[in-house]
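Taking it in order: structure first as structure tokens, then the write-up.
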Amino acid sequence: MNEQLTDEERELAGMVREFAETVVAPQSYEADRTHTLSMDVVAAMGDLGLFGLPFPEEYGGQGGDYMALGIAIEALGRVDQSIAITLEAGVSLGAMPVFRFGTEQQKQELLPDLLAGNALAGFGLTEPEAGSDAGATRTTARLDGGEWVIDGSKQFITNSGTPITRFVTVTAVTGSSEGRKEISTIIVPNGTPGFTVEAAYDKVGWNASDTHPLTFTGARVPESNLLGERGSGFRNFLSILDEGRIAIAALSTGAAEGCLEAAVDYAKSRTIFGSALSTRQNAQFTLARMRARVHTARLAWHHAARLRDAGRPFAEQAAIAKLVAGEAAMDNARDATQIFGGNGFMNEFPVARHYRDSKILEIGEGTTEVQLLVIARALGLAG
Ligand SMILES: Cc1cc2nc3c(=O)[nH]c(=O)nc-3n(C[C@H](O)[C@H](O)[C@H](O)COP(=O)(O)OP(=O)(O)OC[C@H]3O[C@@H](n4cnc5c(N)ncnc54)[C@H](O)[C@@H]3O)c2cc1C
């Protein structure tokens, strides 16, 4: 199934798959029903070293790469997308910006706890008026007496309000040059006066993942909380999103596979008009298409991750992977639900949860249309 993996990667995949089945899956139904992120599961993922996978050992990481991270996220996404996105956002949106753009002091101070799973961080880019058009950021930060004073709001921010959330990194307009907005990224610790984590959203899916709107009203943080160079925020977060797309594609592949496996098992066990559903050609064709989607999605994210880990350009391949894998997850969730019939509409069956969860895979970290724009640009088609 994972033909292209090294022995070490295969071992990691097997280890996380077992963890997902024995530790994560038993709590998924209740966590989804009660909209609760299990901090025990987060701690267990920390103990396994999953939050440190793509980081060097000097900061408490596992010395792995993005491929390793994707393997873990795929294995989790197969059984529980909320847990998988908690890891994905914790690493690629929480810790990675600090690792990539932070000063040595910021890395030493912030990374060890994030990489151990003792703390989480959010990445606040999206605003009510700035989603796909992220450059339309309205949140501002101005310097006053050696402090940034931040005003504005963010929406849909993952991992921003858990009991162990330490900070969010936010994009903010810090000035302008030649008529263009200067956008920078700033670390805002939770508990900063003037920074409010609003009530969690009532979502369609990913119910056990933590998502909040954030407001900033004269929130003051030290000038040294600037992450990366002043004015580099837009460029930096675009590269963070490129990587994140690979991880979301891995999550989507896992979800698509979870749906396939459940549907195959169900079709074999369900008797319809005197014979197993799986003997009907219509069901077989549906399941065969689902298998083809899983295979294609996995090839796509593996390719993008390998390019990224080799230090080669990967933005177009990451967009292709996110596009193909996100659609595979949604299509497989819909087909699996159909194979399950009425049971597919019952939350006690994981395919029902995948059906609700998978839609966001075509929206978050760049919508399907945004991926198409990236691919069109790579074809030389200017907007
Ligand atoms: C559960 C969840 C978790 C999230 N986590 C985070 C997070 O941690 N941090 C964060 O910063 N954000 C987060 N987001 C935000 C997410 O990345 C955005 O919702 C997404 O980028 C889309 O932005 P939008 O919602 O403003 O939609 P819009 O940008 O308003 O898009 C609306 C529609 O217009 C389409 N569209 C937009 N531009 C074009 C174009 N040029 N051409 C054609 N069509 C276009 C879109 O594809 C979409 O179909 C999260 C969202 C959700 C729902």
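Where a number appears in this text, it was derived from the coordinates with a stated rule and is not lab data. Everything numeric in this text was worked out from a predicted model, so none of it was measured. We place every Cβ from the backbone using ideal geometry, glycine too, and count neighbours over all the protein chains shown.
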*Taking the highest mean first, how do the peptides 65-72, 29-36, 42-49, 259-266 order by number of other beta carbon atoms within 10 angstrom per residue?*
65-72, 259-266, 42-49, 29-36
*Tell me, Kirkwood radius of the chain from alpha-carbon pair distances, in Å?*
21.2
*For segment 136-190, divide the Cα radius of gyration by the Kirkwood radius and give the resulting Rg/Rh value with two decimals.*
1.02
*Lys/Arg +1, Asp/Glu -1 at C-beta; segment 7-118 dipole; positive extreme among T36, Y59, P26*: T36
_Please report the net charge: other residues with Cβ closer than 13 Å to the Cβ of E327, K and R +1, D and E -1._
+1
_For H295, H354, order by how many other beta-carbon atoms lie within 10 Å, fewest first_ = H295, H354
*About its Cα centre, what dipole magnitude does segment 100-181 give when the only charges are +1 on Lys and Arg Cβ and -1 on Asp and Glu Cβ, stated in debye to the nearest 20?*
140
*Would you work out if segment 166-246 is rounded, prolate or oblate? Take a ≥ b ≥ c from the square roots of the eigenvalues of the alpha-carbon gyration tensor; rounded if a/c is under 1.5, else prolate when a/b is larger than b/c, oblate otherwise.*
oblate
_Residues of type aspartates and glutamates that K322 reaches as a straight line, Cα spacing below 12 Å, ignoring anything fewer than 8 places off in the same chain_ = D242, E243, E362, E365, E369
*Using θ = phi - 60° and the Karplus curve 6.51 cos²θ - 1.76 cosθ + 1.60, what whole-Hz ³J(HN,Hα) does each residue of segment 279-289 get, with Gly and Pro shown as x?*
7, 7, 5, 4, 5, 4, 5, 4, 5, 5, 5
*What number comes out for the charge environment of A376, summing +1 per Lys or Arg and -1 per Asp or Glu over other residues with Cβ under 12 Å away?*
-1
_segment 205-291 pair-distance distribution - Cα-Cα, 5 Å bins, rounded %_ = 3, 10, 11, 12, 13, 10, 9, 7, 6, 6, 5, 4, 3, 1, 0
*Within the chain, helix-based [θ] at 222 nm, where runs of 4 or more DSSP H residues each add -39,500 (n - 2.57), nearest 500*: -15500 deg cm²/dmol
_Positive-end residue, segment 185-326 charge dipole about Cα centroid, Cβ charges, pick of G254, A200, N225_ = G254
*Compute the acute angle (0 to 90°) between the alpha-carbon long axis of helix 104-116 and the principal axis of greatest extent of the alpha-carbon atoms of the chain; round to the nearest 10°.*
30
*Treating the beta-carbon of each Lys and Arg as +1 and of each Asp and Glu as -1, no other charges, what is the dipole magnitude of the chain about its Cα centre, to the nearest 20 debye?*
1060
*What order do you get for K154, K181 when you list them from fewest to most C-beta neighbours inside 10 Å?*
K181, K154
_Under 8 Å for C-alpha pairs, at least 6 residues apart: give me the relative contact order for segment 175-322, rounded to a whole percent._
22
_Percent RCO, i.e. relative contact order, over segment 121-231, from Cα pairs under 8 Å lying at least 6 residues apart_ = 30
_Top positive-direction residue, dipole computed over segment 7-118 with Cβ charges, set G117, G46, Q81_ = Q81
*What net charge is computed for the residues neighbouring G122, neighbours being all others with C-beta under 9 Å from the C-beta of G122, Lys and Arg scored +1, Asp and Glu -1?*
0
